[in-house]
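Okay, so here's the structure we're looking at.
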Amino acid sequence: MNLDELKGAWNAYGDRVKTTADIEEGAIANMVREKSGSVVSRIQKSYIYGICMAGFYALCFVALILGNAFDYTYFLQFIPLLLMLTCFIVVLVLLLYARAGLKRTDLYLQSPQIYLDEVIKAYCKPQRLLFSLVVLIFVSSSILIPLTFLPRKLEHEDVWHSLAQVFLPLVIIAAVYLAAKRMGYLNKKQWYGFKTNLEELNELKRLASELKD
Amino acid sequence: MMDKVFIEMINEHRGIIYKVCQLYCQDREYQKDLFQEIVLQLWKSFPSFRNEAKRSTWMYRIALNTAITSFRKEKKIPPQRTISSAEFEIPDLGSNPDDHEHMGLLKRAIERLSQIEKAIILLYLEEKSYQEIGEIMGITKTNAGVKINRIKIKLEGIIKTAENELR
C-alpha cells in the first residue's frame with residue numbers, strides 16, 4: 001500500500017464529511033461565547049496580570065513620594081523611589097503596548113511561520129520584563145532604599161553605629177544572594193517562567209525552527 | 001444574532017475544520033474542544049477578513065495556527081467546553097467499513113508526525129499545489145516541495161512498518 005492509495009481513503013473521508021448535517025446557528029453562537037483556551041489568550045491573561053501589578057505598584061510609589069512617607073529631607077533621598085516608579089510606569093506602558101499587539105484581529109490570519117514568531121515574541125517579552133523588574137525591585141529595596149535612611153541616622157547616632165545599621169542588612173542580603181546564585185536558584189531560565197511555561201515556549205521555538213528548516 | 005455570512009461560511013467549509021481536528025486530536029472530546037476553539041478564532045478574525053485571500057486559505061491558516069499551538073491542552077488540561085454531542089458530530093476518520101483498513105493505517109501513520117508535518121500533509125492530501133501550500137504555511141514553494149518529499153518518505157516508512165506488524 002502506498003501514499004496514493006491512502007489519498008483515495010482521505011478523499012472518501014472528505015466525501016463523508018460533505019454529507020454531514022449543517023451546524024445550527026445556535027451551536028455556532030454557543031461556540032463563540034466560550035472563553036478561549038488558546039496559547040495567545042493565556043499570554044494575554046499574563047499581560048493583564050502584569051498590567052494590574054505594575055499599575056498597583058506605580059500608584060503605591062506615587063503615594064509614597066507625594067505623601068513623603070519616609071520623611072525625607074533631601075531630594076537625593078527620593079531618587080530610589082522615583083527610579084522604581086519610572087520602571088513600573090515603563091513596564092506598564094510596554095505591557096499595554098504588547099497586549100494591544102496581541103489583540104490584533106489579524107494575528108491568526110498570518111501564515112503559521114509569522115504566527116509562531118509573533119507568539120514566541122509575545123511569550124518572551126513579559127517574562128524578560130518580569131525578570132528585569134524582579135532584579136530592579138531587589139536592588140532598589142535591598143540596597144538603595146536602606147541607604148536613603150543614612151542621613152537621618154547620622155543626625156541621631158554616631159557614624160559607625162549608623163553605618164552598621166544600614167550596611168549589616170546589606171551584607172546579609174549580599175550573602176543570601178551569593179548563596180542562592182551558587183546553589184543555582186538564580187538561573188535565568190528558572191526566572192523566565194514556571195517549568196510548564198518554559199516547556200511550552202521551547203515547543204513553540206521547536207515548531208518555528210522546524211518550519212524554517 | 002450572528003452574521004449570516006459567517007454561519008454560511010462555517011457550514012460551507014466545515015470539512016476543513018473537521019479534518020484539522022481529526023488530524024490533531026485523537027480523543028473525541030478534544031476534537032470538539034479544538035473545533036470550538038477554531039470557530040472562536042475564526043469569529044474573532046472575521047472582521048479582518050476582506051475577501052482579499054481565498055476563504056479556504058483564510059480558514060486553513062486560522063485552523064492550522066490554532067491546532068499547531070494547541071499541543072499543551074491534550075497533554076495536561078482536560079477539555080472544558082460544554083457543547084452537547086447533539087449539536088454537532090465530527091465524523092470519525094476510521095469509521096467507514098469500506099475503507100476501514102486504509103483509514104486506520106493513515107490515521108496511525110499521521111499520529112506519528114509532528115504538528116508542522118501534520119499541517120503540510122493535510123494540505124498535500126487536500127491536493128493543494130506546492131505554491132498554495134507555501135502560501136498557506138508562509139514558506140517558499142521549493143521548501144514546501146522538500147518538506148512534502150521528506151514527509152512522504154517518513155509516512156511510507158511508517159506504513160511499511162505497520163503493514164509488517166499486521167502480517
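Here are some notes:
- Residue count, the range A:71-82 (criterion: closer than 16 Å to A:K153 by Cα and surrounded by fewer than 15 Cβ atoms within 10 Å (Cβ to Cβ)): 4
- Cβ-Cβ under 8 Å pairs, at least 6 apart or on other chains, the range B:149-165 side free of Cβ contacts under 8 Å to residues at least 40 places away in the same chain and within 16 Å of B:A119 (Cα to Cα), far side β-branched (V, I, T) and crowded, with 16+ Cβ neighbours inside 10 Å: B:I151/B:I120; B:I151/B:I121
- Residues satisfying the stated conditions in the range A:26-63, i.e. farther than 17 Å from A:A100 by Cα, touching a residue at least 12 places away in the same chain (Cβ under 8 Å) and surrounded by fewer than 17 Cβ atoms within 10 Å (Cβ to Cβ): A:V62
- From the list A:L3, A:L102, the lone residue that is more than 8 Å from chain B (Cβ to nearest Cβ) and either modelled with pLDDT under 85 or in contact with a helix residue (DSSP H, G or I) (Cβ under 8 Å, 6 or more places away or on another chain) (or both) is A:L102.
- Those residues of the range A:26-58 which are part of a helix (DSSP H, G or I), at the interface with chain B (Cβ under 7 Å from one of its Cβ atoms) and either within 28 Å of B:E126 (Cα to Cα) or aromatic (F, W, Y) (or both), in sequence order: A:A27, A:I28, A:M31, A:V32, A:V39
- Against the test of being under 30 Å from B:P47 (Cβ atoms) and of a type outside the set (D, E, K, R), the options A:C52, A:C87, A:C60 yield a single qualifying residue, A:C52.
- Scanning the range B:13-22 for residues that are in contact (Cβ under 8 Å) with a residue 24 or more places away in the chain and within 10 Å of chain A (Cβ to nearest Cβ) turns up B:I16, B:I17, B:Y18, B:K19, B:Q22.
- Residue count for the range A:109-125, restricted to those that are at the interface with chain B (Cβ under 10 Å from one of its Cβ atoms) and of a type in the set (G, A, S): 1
Every residue, every condition in (1) closer than 24 Å to A:L6 by Cα; (2) at pLDDT below 90; (3) touching a strand residue (DSSP E or B) at 6+ places or on another chain (Cβ under 6 Å); (4) not assigned by TED's automatic domain parsing to the domain that holds B:E12, yes or no:
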position	(1), (2), (3), (4)
B:R81	no, yes, no, no
B:H100	yes, yes, no, yes
B:M103	yes, yes, no, yes
B:R112	yes, yes, no, yes
B:I121	yes, no, no, yes
B:A144	yes, no, no, yes
B:R150	yes, no, no, yes
B:K154	yes, yes, no, yes
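- Index of the failed condition, A:I23 passing every other in (1) among the β-branched types (V, I, T); (2) without any contact (Cβ under 8 Å) to a residue 24 or more places away in the chain; (3) part of a helix (DSSP H, G or I): (3)
- Meets criteria (at negative phi, of a type in the set (F, W, Y), in a helix (DSSP H, G or I) and more than 19 Å from the chain's Cα centre (by Cα)) for A:F61: yes
- Residue match in the range B:29-50 (condition: at pLDDT 85 or above, touching a Gly at 6+ places or on another chain (Cβ under 8 Å) and either acidic (D, E) or not in a helix (DSSP H, G or I) (or both)): yes
- Here A:Q127 fits the description: assigned to a helix (DSSP H, G or I) and within 19 Å of the chain's Cα centre (by Cα).
Okay, residues lined up against (1) farther than 24 Å from B:L105 by Cα; (2) touching an Asp or Glu at 6+ places or on another chain (Cβ under 9 Å):
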| position | (1), (2) |
| --- | --- |
| B:Q131 | yes, no |
| B:I136 | yes, no |
| B:K141 | yes, yes |
| B:K160 | no, no |
| B:E163 | no, no |
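The values are calculated or read from the model by the stated rules, or taken from the named source; none is laboratory data. The structure presented is a predicted model; accordingly, all values stated were derived computationally and were not measured. Ideal geometry is used to build each Cβ from the backbone, glycine not excepted, and the neighbour counts take in all protein chains shown.
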